[in-house]
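Trainee: Pasting in a structure now, in structure tokens, and then I'll have a few things to ask.
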Amino acid sequence: MPVPGPGYSITVRLEAPPSASAAGDLASAIGKLGGVITAFDVVESHTDRIVVDITCNALSEGHARDITDELERLPGVAVRKVSDRTFLIHLGGKIEIRSKVALKNRDDLSRAYTPGVARICQAIAENPDDARRLTIKRNTVAVVTDGSAVLGLGNLGPAAALPVMEGKAALFKKFADVDAWPVCLDTQDTEEIIRTVQLLAPVYGGINLEDIAAPRCFEIEARLREMLDIPVFHDDQHGTAIVVTAAMRNALRVVGKSMADCRIVVCGVGAAGSAIIRLLLQRGPGEVIAVDVHGIVHRDRPAMDDNMAWVAANTNRAGMTGTLHDALVGADVFIGVSAPNLFGAEQVATMAPRAVVFALANPDPEIDPLEAQRYAAVVATGRSDYPNQINNVLAFPGVFRGLLDAQARTVTDDMLLAAADAIADVVDDERLNASFIVPSVFDSAVAPAVAECVRKAAGPHHATTI
Ligand SMILES: NC(=O)c1ccc[n+]([C@@H]2O[C@H](COP(=O)([O-])OP(=O)(O)OC[C@H]3O[C@@H](n4cnc5c(N)ncnc54)[C@H](O)[C@@H]3O)[C@@H](O)[C@H]2O)c1
């Protein structure tokens with residue numbers, strides 16, 4: 001059952017009679033419709049009326065409208081204005097650039113800009129590695145998208161993707177002090193995307209690919225990794241794979257099973273699923289069975305692209321065929337990054353005892369988590385309104401902090417696994433339980449721990465100082 005959340009939060013400014021019962025009447029009108037009041041401010045008081053700002057969470061835009069209409073129907077109440085708080089925080093965008101140097105006088109100008117800057121340009125021309133020492137490159141990441149797979153919304157294009165990329169940049173700054181900048185490209189042509197990123201790479205210390213649809217995302221990442229001397233990381237793939245691997249490790253600690261004995265079903269072999277399978281295979285699982293919209297992936301399936309052929313060749317040793325439901329029988333772990341409502345409690349009952357279910361399709365998981373809990377020992381989702389939220393924010397800020405600090409030129413599986421272990425290890429034995437297998441995204445220990453492990457995995461740090 002969805003609950004009203006801050007994603008649909010409105011502030012209603014209204015006039016009401018100055019009676020003792022006004023606040024109660026307003027609150028019960030909202031409560032009757034299932035809205036959740038989070039703030040109530042009387043902003044003006046007159047002998048004949050009060051003006052009130054009521055902030056409440058709703059389920060949807062329609063629900064918010066119903067709440068407003070209900071308030072308007074109360075005797076003596078007049079709604080003046082309704083503000084959607086989510087839209088309000090996006091007005092004018094969410095990030096900005098600030099100068100780190102004071103530009104107070106001619107002397108400052110002469111050093112920060114011409115003529116002084118010319119000597120810095122010459123130094124970099126003579127020694128290109130100095131770009132990391134003397135420019136923003138050392139701390140700056142491009143968040144690159146073509147807008148083809150925006151959240152769960154699909155192909156919305158580059159302009160509509162910008163609010164997500166701005167949000168990502170804000171998270172980079174907040175959690176790891178990384179200066180990230182949105183780069184939303186007005187093309188969905190693989191060659192054009194690759195060439196454009198290659199052309200803009202000199203400014204950046206890393207490339208975070210974001211919301212680019214599969215299978216195009218695989219080729220774009222692989223080719224950019226080959227041609228660039230900075231790390232290229234598709235977060236929808238590897239960020240997810242890192243957090244899932246961390247959560248898996250801790251879920252298996254809870255149920256007392258070892259990876260080598262586990263049969264793992266991964267449903268969804270797109271961007272997220274493929275990367276999860278590749279990373280989990282590094283951990284030596286007993287068996288991985290991949291399932292997509294056509295059923296269980298096996299070697300004899302016709303017309304597979306390169307990614308699917310790799311998955312088929314490296315999973316399902318027994319050559320099993322059939323449906324997701326067939327795959328679940330006897331499985332120890334289910335990881336879903338696919339589509340909503342694919343199975344119910346009766347299928348979880350066919351899994352091995354003390355089963356682990358990660359139902360990560362957003363916003364609606366593969367199985368209702370409450371249904372899954374009837375038979376599974378550990379349940380995780382991608383949602384913030386259930387325990388065990390698998391959230392990429394646990395990984396990408398620390399990963400890039402570590403990569404930038406190490407001046408890394410590539411990203412390796414060892415770094416991804418080190419990041420996963422760092423996240424898992426933040427949950428110590430005392431706090432670990434079935435409802436707490438991953439730390440909170442606001443746990444300030446996470447990003448530094450991830451950064452340190454990635455830095456170590458990247459090898460010795462070659463940074464020079466001025
Ligand atoms: N942290 C998280 O919680 C997290 C992270 C990444 C992705 N996701 C979610 O995972 C889902 C997939 O993301 P993606 O970027 O990999 O998408 P994608 O489009 O690249 O891949 C989707 C995959 O799901 C499969 N699929 C679709 N319908 C299916 C069905 N009925 N039965 C079995 N398989 C089916 C497709 O065949 C495909 O392999 C989305 O809902 C996304 O929101 C969650």
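Table: residues versus (1) more than 10 Å from residue 450 (Cβ to Cβ); (2) surrounded by 20 or more Cβ atoms within 10 Å (Cβ to Cβ); (3) under 14 Å from the mean Cα position of the chain (by Cα).
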| position | (1), (2), (3) |
| --- | --- |
| 380 | yes, yes, no |
| 384 | yes, no, yes |
| 389 | yes, no, yes |
| 395 | no, yes, yes |
| 409 | yes, no, no |
| 416 | yes, yes, no |
| 420 | no, yes, no |
| 427 | yes, yes, no |
| 432 | yes, no, no |
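Trainee: Moving on to the next point. State all residues of region 46-62 that are part of a loop (DSSP other than H, G, I, E, B) and surrounded by fewer than 17 Cβ atoms within 10 Å (Cβ to Cβ); if no residue qualifies, say none.
Mentor: 46, 47, 48, 60
Trainee: Yes or no: residue 454 open to solvent by less than 10 Å² (accessible area, probe 1.4 Å), under 30 Å from residue 59 (Cβ atoms), in contact with a helix residue (DSSP H, G or I) (Cβ under 8 Å, 6 or more places away or on another chain) and not in a loop (DSSP other than H, G, I, E, B)?
Mentor: Answer is no for this residue.
Trainee: Taking residue 383, is it within 12 Å of the ligand (Cβ to nearest atom) and within 26 Å of residue 151 (Cα to Cα)?
Mentor: Yes; evaluated as a whole, the condition is true for this residue.
Trainee: Condition first: among the hydrophobic types (A, V, I, L, M, F, W, C) and within 9 Å of the ligand (Cβ to nearest atom). Can you find one or more residues in region 364-373 that meet it?
Mentor: no
Trainee: Which of (1) aliphatic (A, V, I, L, M); (2) at pLDDT below 95; (3) open to solvent by less than 80 Å² (accessible area, probe 1.4 Å); (4) part of a helix (DSSP H, G or I) is the odd one out, the single condition residue 102 does not satisfy?
Mentor: (4)
Trainee: I'm checking my understanding of the structure. Among residues of region 234-263 that are crowded, with 24+ Cβ neighbours inside 10 Å and of a type in the set (A, V, I, L, M), which one is nearest to residue 419 (Cα to Cα)?
Mentor: Among those that are crowded, with 24+ Cβ neighbours inside 10 Å and of a type in the set (A, V, I, L, M), it is 242.
Trainee: Suppose we keep only residues that are touching a Ser or Thr at 6+ places or on another chain (Cβ under 7 Å) and assigned to a strand (DSSP E or B) within region 277-291. Which one would you say is farthest from residue 332 (Cα to Cα)?
Mentor: 290
Trainee: Here's something else I'd like to know. If only one of 187, 240 is assigned to a helix (DSSP H, G or I) and among the hydroxyl-bearing types (Ser, Thr, Tyr), which one is it?
Mentor: 240
The values are calculated or read from the model by the stated rules, or taken from the named source; none is laboratory data. Everything numeric here is computed off the predicted structure, so don't read it as measured data. When we count neighbours, we look across all protein chains shown, and the Cβ atoms used for this are built from the backbone with ideal geometry, even at glycine. Keep in mind that these areas ignore ligands, DNA and RNA; they rest on the heavy atoms of the full protein, side chains included. Shrake-Rupley method; radii C 1.70, N 1.55, O 1.52, S 1.80 Å.
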